[in-house]
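Asks: Here it is: the structure, laid out below.
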Amino acid sequence: MISRHEKAFTNPLSMQIQLLSFLDKLSCGVAFVILAVGVASADTRRWTGAEHFANPLHDWEQVDGALVATPGNFGSRVFKKIPNYEWARLFKSSAVIGDSGRFETRFQLRRLNGAAGDAGLWLGLKSLTPSPRNCWIHPPEELLFVGVNAGGHLVAGDRVSEAVFDLNEAVSVTVYGKLEAGVHSLVVDAAAEGQDAVRLRIDLDAGALSGALSLVARGKGTRWDFGQWSLTGDAVIAQPEHAVGAIAWSQYTLQDNGQLKLLAQMVPLEATDPQTAELQFKQEGRWQTVAHADLDLLSSTFLFRVESAEALPYRVLYRLKDETYTWEGEIRANPKDEDRFRLAVFNCDHGELFPQDTMVRNVTIQDPDMLYFAGDQIYEIMDNISPVRHPLEGARLSYLSKYFQFGLTWRSLLKDRPSVIIPDDHDVFVGNIWGDNGYGYIMPPVWVNMVQRTQTGSLPDPIDPEPVARGIGVYFTELQYAGMSFAIVEDRKFKSQPLIFTGATETVATGNGEKGAKLAVELFKQGPRKMDLPEANLLGERQLKFLRDWTARTEDLPVRWFFSQTIFAKATTHAGPNLHRHRFDLDTNGWPQSKRDAALRTLGRDTIMVHGDLHLGVLARMGIDAFDDGPLAFMVTGSCVGFPRAWRPEESMRAPGTDPINGPFTGRYFDDLKNRLTVLGVTNPSAEPGVNAWGKTPTARADYSKFGGVFPTQDLKGSGHGIITVDKSQQTARFEAYRLDIDAANPQPSDQFEGFPITQPLRFSNTH
């Protein structure tokens, strides 16, 4: 238990490079011991090089030039017992094996301790999606293993040698592959000093060797040394665009006054690495340094500030040992003098479609002026490996391993246009979090600050930077861009926990904050408004003060936007694999109701609210005292839905005397919490309640086959993205809700969910 009156523990980011050792006592009884971050010898580093992609990141390191695997490092474990997920995997990220020709790959392996396990190479990795990178996260069940087993035998597919190698000594393995029409063949040679060489041959079906390849290791407590991994031959297809150099990606915001904040996300760097980087603009054909930045070691980021930036090419430059790494992009011209502005909105990517090539291609064609990622950029179990929660070094690597999936998906778009990125509950390794002014987070404050730095670091400085309890930072702010204003708020951080129903004066950092929910349910049964406790908090007085000032200052602007994680209504009725009726939900901003109403009154009618979180797209006019006296709100469906939801209200929830206005389930309604809203459009999944039951979220290839593959499964769940286009001169906003598997280069009416697109006036007064 943490007393509200306990002196706040402050963890400024400046402390993170130091050796930290403290106990952050949490109600769940877990004591987090924060250990050294990035402190390694000069010859040891977590980043294994631009040619490799490690999954999970924390299972691999480079030691004295060799690649070292420690399966299950930091106590991580496979979340679900799915074949091949228990392996530590290191992919040759910049190359795949094609359909014809020859290749040769060599490596050495040696067991560094006495624990039993397997190690070697995976060949013929095929992806669940057209992208060859998908298998970096989701290996198929069928693949070819070449290496040694726990007994020291050489293995090639179903062939096993009689000879046994001493795995405490280096074993050199050479794999020769020949890919011809109708058959693939493999010859595997293995040799160790003082032992006779061993050869295995195997013939395979055509296509068996085509695809990605990866060094692998498994075995609890084992530690493997891999050396001198090479890949050559005319069957090898180079893919240098998939390499991940020291600079992984960049993201930025630009303001109307020219202020630029640009965050460069690096691979995990070490305390012994250079601690500064440069931002350069290309002017008159020459690169000129305009800013320097110091490394934030924990997040492995550089944050650059430029007071007056123009539309110019830029690059981030970083020198690491004998290499100079650059990452290039372009500061997009500010469209403040243009009538049209287009915003693309995303949230809730469960990871099955990594790296979202189809969506990225479509959004590139749609060419939005700005990107908004409303939260759940990651899920704590998205790669079927449970999150590492302590120590700090393991927790940060666990987060970065998952967050890199987001960055490597969107970096081609992030580098060339401004973006707003805010974390939601799963980003901080919690499902459904009530932040309770900082007390409700399960992870240590220094780690939460690290997550916020990676996602929100490029936002304008916070309006009121004072940290909340326990030293957790804030980021709520205003972005002025394109002649408009964007209020960016935090609707998780200040919201009360259900524990408030117990009348407790202490808070519990359980993460999901459900303690006290049973009492809330009893009140709910008496009438949802019974739960509207006056002492319950939503946005907090600090954010409300900011919003009051903001609405007063921006009244005359052509458009003003409000960005947060969750819609201010319970705009779902069904949830889960079978889309069961789901009435009680305090996770939405429909509760507490009076604080919800107060926030909406502050925002006024002429604000566009944009949200994610609920895996469902809903366009609605928020109601307070009437059904349409609040702002217009657009909640966008998930980019890759795990837990599906739907809006299928009973007719009894419809306001008396009103009719549908844009297809089924639209019109004036009371939600389950008795909030008013006018639903203008909804992106219900194609699955019907109780009919298309898929059980648990599909994760393996065999599960997806029941629905025809990963894309049909995600279409069944209603995955997609949103586009909002405002016309300042016409004072209209066009809301588009796109399905997942479309071709934006050849647009069709069926590309969007039923009822979309929907055009609405920007000024509420224009409707009357």
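Since every read-out is calculated from the coordinates, none of them should be taken as a lab result. Please read these numbers as outputs of a predicted model, since none were measured by experiment. Quick reminder, even Gly has a Cβ in these numbers, built from the backbone with ideal geometry, and neighbours come from all protein chains shown.
Asks: Within the set Lys493/Lys706; Lys515/Lys595; Lys92/Lys282; Lys402/Lys525; Lys545/Lys728, which residue pairs have Cα atoms separated by over 31 Å? Please report the intermediate quantities before stating the final value.
Replies: Details: Lys493/Lys706 40 Å; Lys515/Lys595 21 Å; Lys92/Lys282 33 Å; Lys402/Lys525 40 Å; Lys545/Lys728 28 Å.
Distance filter (> 31 Å) returns Lys493/Lys706; Lys92/Lys282; Lys402/Lys525.
Asks: Okay, next question. Tell me the net charge near Thr477. Cut-off is 11 Å between Cβ atoms, Thr477 excluded, with +1 for each Lys or Arg and -1 for each Asp or Glu.
Replies: Neighbour charge sum, excluding Thr477 itself: -3.
Asks: Restricting to Cα pairs below 8 Å that are 6+ residues apart, what does the relative contact order work out to for the range 346-767? Please round to a whole percent. Intermediate results must be reported in sequence, preceding the final value.
Replies: Working: 920 pairs, mean separation 60.9, N = 422.
It comes to 14 percent, rounded to a whole number.
Asks: Ranking Leu200, Leu254 by Cβ neighbours within 10 Å, fewest first, what do you get?
Replies: If I rank by nearby Cβ atoms, fewest first, I get Leu200, Leu254.
Asks: Please give the length that would be gained between Glu522 and Thr174 if that part of the chain were fully extended, namely 0.36 nm times their separation in residues minus their C-alpha to C-alpha distance (nm, one decimal).
Replies: Going from the current span to full extension adds 118.6 nm.
Asks: Within the range 105-140, list the residues whose amide N lies under 18 Å from a label point set 7 Å along Cα→Cβ of Gln195.
Replies: It comes to 106-121, nothing else.
Asks: Rounded to the nearest 500 deg cm²/dmol, what is the calculated helix-only ellipticity per residue at 222 nm for the chain, with -39500 (n - 2.57) per DSSP H run of length n ≥ 4?
Replies: Numbers: 8 runs with 92 residues, N = 768.
-3500 deg cm²/dmol, from helical runs alone.
Asks: Provide the gained length on full extension for the span Leu557 to Ala238, in nm with one decimal, where the gain is 0.36 nm per separating residue minus the Cα-Cα distance.
Replies: Using 0.36 nm per residue and subtracting the Cα-Cα distance, I get 109.8 nm.
Asks: In addition: Find the centroid of the Cα atoms in the range 407-474 and in the range 722-750, then give the distance between the two in whole Å.
Replies: That distance is 29 Å.
Asks: Something else: Label-point separation (nm) for Glu104 and Val187, each offset 7 Å from Cα along Cα-to-Cβ?
Replies: If labels sit at Glu104 and Val187, their model points lie 1.0 nm apart.
Asks: OK, next. So what is the relative contact order of the range 247-330, in percent, for Cα pairs below 8 Å that sit 6 or more residues apart?
Replies: Contact order relative to length: 32 percent.
Asks: When only C-alpha pairs under 8 Å and at least 6 residues apart count, what is the relative contact order of the chain, in percent?
Replies: 12 percent
Asks: Loop-only check: which trypsin sites (Lys or Arg not before Pro) in the range 202-281 are DSSP coil with at most 15 other Cβ within 10 angstrom?
Replies: Passing sites in the range 202-281 are Lys220.
Asks: May I ask for the net charge around Leu179, where only other residues with Cβ less than 9 Å from the Cβ of Leu179 are counted and Lys, Arg are +1 while Asp, Glu are -1?
Replies: Overall, the nearby charge balance is 0.
Asks: Give the residue list of chymotrypsin sites (Phe, Trp or Tyr not before Pro) in the range 305-400 that are DSSP loop and have at most 14 other beta-carbon atoms within 10 angstrom.
Replies: Answer in residue order: no site qualifies.
Asks: Quick check: residue separation of Val160 and Arg583 times 0.36 nm, minus the Cα distance between them. What number comes out in nm?
Replies: Taking 0.36 nm per residue and subtracting the Cα distance, the gain is 146.6 nm.
Asks: Tally the DSSP beta bridges in the chain and give the antiparallel ones as a percent, rounded to 5.
Replies: About 90 percent, rounded to the nearest 5.
Asks: Further, regarding this structure: What ³J(HN,Hα) values, in whole Hz, does the Karplus curve 6.51 cos²θ - 1.76 cosθ + 1.60 give for the range 600-605 when θ = phi - 60°, with x put for Gly and Pro?
Replies: Listing the rounded values in order: 5, 4, 5, 5, x, 6 Hz.
Asks: For an R0 of 51 angstrom, estimate the FRET efficiency from the Cβ-Cβ distance between Lys220 and Glu307 and round to the nearest 0.05.
Replies: Once the sixth-power term is evaluated, E becomes 0.45.
Asks: Kindly state, to the nearest 0.05, the FRET efficiency for Ala598 paired with Arg286, given R0 = 51 Å and r defined as their beta-carbon distance.
Replies: 0.40
Asks: Let me ask something additional. Between Glu323 and Leu112, how many nm apart are label points set 7 Å from Cα along the C-beta direction?
Replies: 2.0 nm
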